[in-house]
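To start, the structure under review is shown below, and the notes come after it.
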Amino acid sequence: MFKKKELNINWKGGATSYEAKHQWLYNNFGRPLICDNCKTIEIPKNKKRWFEWANISGKYLRERSDWKRLCGDCHTKMDLHKMSRGEKHYKSKFTEKQIRVIKWALCYGASVKYLSKVFKVSYATIYSIKNNNNWRHISTS
């Protein structure tokens, strides 16, 4: 007879892997066939749509109320909405004030090479700010 939860020698509690949590989810709640957001239903012949479980709280609780059935498009939109940007992003090298200074300097003729030396970052970092690939939401005014 198998021991349940904490009594099992392989029990890891909250330290389980991402894959193990999702495997538990599919074993207990099944494969989602409808999107809770856009109400799209899976049609067997239409393999272009896929459905998956999306976590709401970010805590990966083992409760049905902590999960949503979403299609791939809605899941992507939900995750992009939750992403932090600007100086709140974990890889940010600048504050918003520094970005305004960089953009202002670029408008008035400062070179990308000069600014990369002043701010001690790579040429590519300043170049992507100049071309609005990064920090698009900050304006010079």
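The values are calculated or read from the model by the stated rules, or taken from the named source; none is laboratory data. In this text the structure is predicted, and so the values were computed from the model without any measurement. Note that each Cβ is placed from the backbone with ideal geometry, even for glycine, and that neighbours are counted across all protein chains shown.
Spot the failing condition for Trp104; the list is (1) exposed (fewer than 13 other Cβ atoms within 10 Å of the Cβ); (2) in the same structural domain as Thr16 (by TED's automatic domain parsing); (3) assigned to a helix (DSSP H, G or I); (4) of a type outside the set (Gly, Ala, Ser), and only one is missed.
Tallying (1) exposed (fewer than 13 other Cβ atoms within 10 Å of the Cβ); (2) in the same structural domain as Thr16 (by TED's automatic domain parsing); (3) assigned to a helix (DSSP H, G or I); (4) of a type outside the set (Gly, Ala, Ser), Trp104 fails exactly one: (2).
Just need a number here: residues in the stretch 108-125 that are in a loop (DSSP other than H, G, I, E, B) and over 30 Å from the mean Cα position of the chain (by Cα).
Filtering the stretch 108-125 for residues in a loop (DSSP other than H, G, I, E, B) gives 108-111, 119-122.
Narrowing further to those that are over 30 Å from the mean Cα position of the chain (by Cα): 108-111.
Qualifying residue count, the stretch 108-125: 4.
How many residues are at pLDDT below 80 and either in a helix (DSSP H, G or I) or not assigned by TED's automatic domain parsing to the domain that holds Pro32 (or both) if we restrict to the stretch 56-76?
Residues in the stretch 56-76 being at pLDDT below 80 and either in a helix (DSSP H, G or I) or not assigned by TED's automatic domain parsing to the domain that holds Pro32 (or both): 0 in total.
What about Trp53, is it within 25 Å of the chain's Cα centre (by Cα), at pLDDT below 90, buried (at least 17 other Cβ atoms within 10 Å of the Cβ) and not assigned by TED's automatic domain parsing to the domain that holds Leu25? Write out each step before concluding.
Values: within 25 Å of the chain's Cα centre (by Cα): yes; at pLDDT below 90: yes; buried (at least 17 other Cβ atoms within 10 Å of the Cβ): yes; not assigned by TED's automatic domain parsing to the domain that holds Leu25: no.
So Trp53 fails the test.
Suppose we keep only residues that are assigned to a loop (DSSP other than H, G, I, E, B) and either without any contact (Cβ under 8 Å) to a residue 12 or more places away in the chain or among the hydrophobic types (A, V, I, L, M, F, W, C) (or both) within the stretch 82-101. Which one would you say is surrounded by the most Cβ atoms within 10 Å (Cβ to Cβ)? Write out each step before concluding.
If we filter the stretch 82-101 for residues that are assigned to a loop (DSSP other than H, G, I, E, B), which is where we start, we get 83-85, 89-95.
In the following step, the residues that additionally are either without any contact (Cβ under 8 Å) to a residue 12 or more places away in the chain or among the hydrophobic types (A, V, I, L, M, F, W, C) (or both) were identified as 83-84, 89-92, 94-95.
Numbers: Met83: 8, Ser84: 9, His89: 11, Tyr90: 5, Lys91: 4, Ser92: 16, Phe94: 19, Thr95: 11.
Restricting to residues being assigned to a loop (DSSP other than H, G, I, E, B) and either without any contact (Cβ under 8 Å) to a residue 12 or more places away in the chain or among the hydrophobic types (A, V, I, L, M, F, W, C) (or both), the top hit is Phe94.
Which members of the stretch 130-141 meet the condition of being touching a helix residue (DSSP H, G or I) at 6+ places or on another chain (Cβ under 6 Å) and either free of Cβ contacts under 8 Å to residues at least 40 places away in the same chain or among the basic types (Lys, Arg) (or both)? It would help to see each step written out before you state the result.
Going through the stretch 130-141, the residues touching a helix residue (DSSP H, G or I) at 6+ places or on another chain (Cβ under 6 Å) turn out to be 130, 134-135, 138, 140.
Passing the criteria: Lys130, Asn134.
Could you tell me whether Asp79 is at pLDDT 80 or above, assigned to a helix (DSSP H, G or I) and within 16 Å of the chain's Cα centre (by Cα)?
Details: at pLDDT 80 or above: no; assigned to a helix (DSSP H, G or I): yes; within 16 Å of the chain's Cα centre (by Cα): yes.
Here the answer is no, as Asp79 does not meet what is asked.
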